[in-house]
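The values are calculated or read from the model by the stated rules, or taken from the named source; none is laboratory data. All values derive from a computational prediction rather than experimental measurement. No Cβ is skipped: glycine too gets one built from the backbone with ideal geometry, and neighbour counts run over all protein chains shown. Quick note on the areas: whole protein, heavy atoms, side chains included, nothing else; ligands and nucleic acids left out. Shrake-Rupley method; radii C 1.70, N 1.55, O 1.52, S 1.80 Å.
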Amino acid sequence: MSLLVVGLSHRSAPVSVLERASLAAETQSKLLQDALAAEPAAEAAVLATCNRIELYADVDKFHAGVAELSTLLAQHSGVGLDELTPYLYVHYEDRAVHHLFSVACGLDSMVVGEGQILGQIKDALALGQESHTAGRLLNDLFQQSLRVGKRAHSETGIDRAGQSLVTFGLQQLAGGADTADWARGKRALVIGAGSMSSLAAATLARTGVAEIVVANRTRARADRLVEILGQAGGTGVTARAVEMAAVSDELTRADVVVSCTGATGLVLTGETVAGALGLPFDAAAIAVEAPAVPAADLDQHAAWVENGSAATPVQAPAVRRAIVPAQSTGTVRLALLDLAMPRDIDGAAARLPGVRLVDIESLAEASADAPMAADVDRVRTIVSDEVAAFGAAQRAAHITPTVVALRTMAADVVAGEIARLDGRLPDLDEKQRAEITQTVRRVVDKLLHAPTVRVKQLASEPGGAGYADALRELFDLDPQTVAAVSRADLNDPNRGRS
């Protein structure tokens, strides 16, 4: 069995494709179950964020696995396979491990070094565990990726230099001004109460806004977020919750809006934004036709980060509806930050006078510079070292059930011979019998020690997978015994829990 990942991200696909391919929580669970039901896959996990969808699986056939996982992604994302395929990338075995470790360290993020991805990886692991689709390999892989990510942030400066999308987005809204000075005294409207929206609300509170209004489809979650903001001592922010139906009214009083919901359609239309500002709205006049932004342009900021295996070249659609952003000059009456995928805010709002809109696409374009080359190089070294260590540990673990089965067989042989000795020498007292038993066991242990230690060392090296088979053949070990040891390890309730 071998690790395979098939996915797409802001590095391989335009935002217009990513937002259509986004997966709701219930869709992710169904995708995992269908992946496990597919013949090539024995384990599966899905990592779905606002700018990536990746399906990890332990497969026994590479080509069949790629075909099956690609088909499943297309079926559950709602984007046709023919349209989706040009944007998919594939990583296999060590390259797949390298990819996830790089993702965990923030090297593959839109804003290089951001740490929120660690929480998203933890959520992906938890979903795989709850769905019973993450087995030994994926549990070990995702657990180790979390450790590698934490190591990268603690041992390098990428943690200080990296920013969350929220922080980076607010900086873009500030238009070059100090974010705290820009935010001071403003009224903010946060739409959504999930992890990203909660992070946005907390960041706004720390930045110095005067008021935060939280709107969410489930009022209880909005109330809970407001309660948490009130407990964050020292910010001095006033927070209150409203129903989603009140968003239009709150928009007329807001200076800043941050939206990140799981809605499949627009939460704020251009017409709604225009109405809140008392402006006329002509959709035909605002929308313009323009060539698509190629995925390569969205990826400029991370071109210097090692990408691993070459991905399929991206061919963006020839034409799509594009929105020309508002000019940075002039008074900004309403600042909009859209962190949702698919997008929450109509891009046409950016054409309205006095409106500044920052979304996932514009964040990608704005993050093209790479000022953290030294820290990134250090993180890349950590990733490479950890990939090698993980591979060695997995190869060594592969032979462990065989070694355990060998020692079990040896113990059975010792027990059988001691039983025969009891029949031949029934007059042995307990002390004599115990001494003979201990002596025989020591002899067997000493004979097995060197070869079992050495075979573990050899198995941990590249190409060492065959040593388990050789050991089973040499000692005529029962395959069922080896399999039983593997199952016992896999069913350990303490294994792989985060």
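A count restricted to the stretch 248-282 and to residues that are under 19 Å from VAL358 (Cβ atoms) and not hydroxyl-bearing (Ser, Thr, Tyr) stands at 16. Within the stretch 143-160, residues that are among the polar types (S, T, N, Q) have Cβ atoms under 7 Å from residues that are open to solvent by 70 Å² or more (accessible area, probe 1.4 Å) and modelled with pLDDT under 95 in these pairs: GLN143/SER498; THR156/ARG378, counting only partners at least 6 apart in sequence or on another chain.
Scanning the stretch 125-149 for residues that are acidic (Asp, Glu) and either part of a loop (DSSP other than H, G, I, E, B) or closer than 22 Å to ASP108 by Cα (or both) turns up just one, ASP140. Considered as a group, the residues in the stretch 428-485 that are at pLDDT below 70 and outside any helix (DSSP H, G or I) include one that is least open to solvent (accessible area, probe 1.4 Å), and that residue is GLY464.
Within the stretch 123-141, residues that are more than 18 Å from SER2 (Cβ to Cβ) have Cβ atoms under 6 Å from residues that are among the small types (Gly, Ala, Ser) and open to solvent by 10 Å² or more (accessible area, probe 1.4 Å) in these pairs: LEU125/SER498; SER131/SER29, counting only partners at least 6 apart in sequence or on another chain.
Quick check on GLY119: is it surrounded by fewer than 17 Cβ atoms within 10 Å (Cβ to Cβ), out of contact with any strand residue (DSSP E or B) (no Cβ under 8 Å at 6 or more places or on another chain) and modelled with pLDDT under 95? Judged against the criteria, GLY119 is a match. Has the stretch 216-224 got at least one residue that is crowded, with 16+ Cβ neighbours inside 10 Å, modelled with pLDDT of 90 or more and touching a helix residue (DSSP H, G or I) at 6+ places or on another chain (Cβ under 8 Å)? Yes, the stretch 216-224 contains at least one residue that is crowded, with 16+ Cβ neighbours inside 10 Å, modelled with pLDDT of 90 or more and touching a helix residue (DSSP H, G or I) at 6+ places or on another chain (Cβ under 8 Å). If the condition is being in a strand (DSSP E or B), open to solvent by 10 Å² or more (accessible area, probe 1.4 Å), out of contact with any Phe, Trp or Tyr (no Cβ under 8 Å at 6 or more places or on another chain) and over 30 Å from SER362 (Cβ atoms), then the stretch 57-112 contributes only ASP58.
Within the stretch 340-353, track down each residue that is modelled with pLDDT of 90 or more and either open to solvent by 50 Å² or more (accessible area, probe 1.4 Å) or in a loop (DSSP other than H, G, I, E, B) (or both). Correct list: ASP344, ASP346, ARG351, LEU352, PRO353. Taken together, VAL379, VAL358 contain a single residue that is in a helix (DSSP H, G or I), touching an Asp or Glu at 6+ places or on another chain (Cβ under 9 Å) and modelled with pLDDT of 85 or more, which is VAL379.
What residue, among those in the stretch 39-56 that are among the acidic types (Asp, Glu) and in a strand (DSSP E or B), is surrounded by the most Cβ atoms within 10 Å (Cβ to Cβ)? My answer is GLU54.
Matching residues to (1) acidic (Asp, Glu); (2) farther than 17 Å from GLU130 by Cβ:
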| position | (1), (2) |
| --- | --- |
| ARG20 | no, yes |
| GLN28 | no, no |
| LEU31 | no, no |
| ASP34 | yes, no |
| ALA38 | no, yes |
| VAL46 | no, no |
| GLU68 | yes, yes |
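Only helices (runs of 4 or more DSSP H) whose full extent lies in the stretch 204-285 are considered here, and the ones with at least 3 residues that are under 31 Å from the mean Cα position of the chain (by Cα) and among the charged types (D, E, K, R) are 219-231. Within the stretch 175-192, being hydrophobic (A, V, I, L, M, F, W, C) and open to solvent by less than 10 Å² (accessible area, probe 1.4 Å) holds for ALA183, ALA188, LEU189, VAL190, ILE191.
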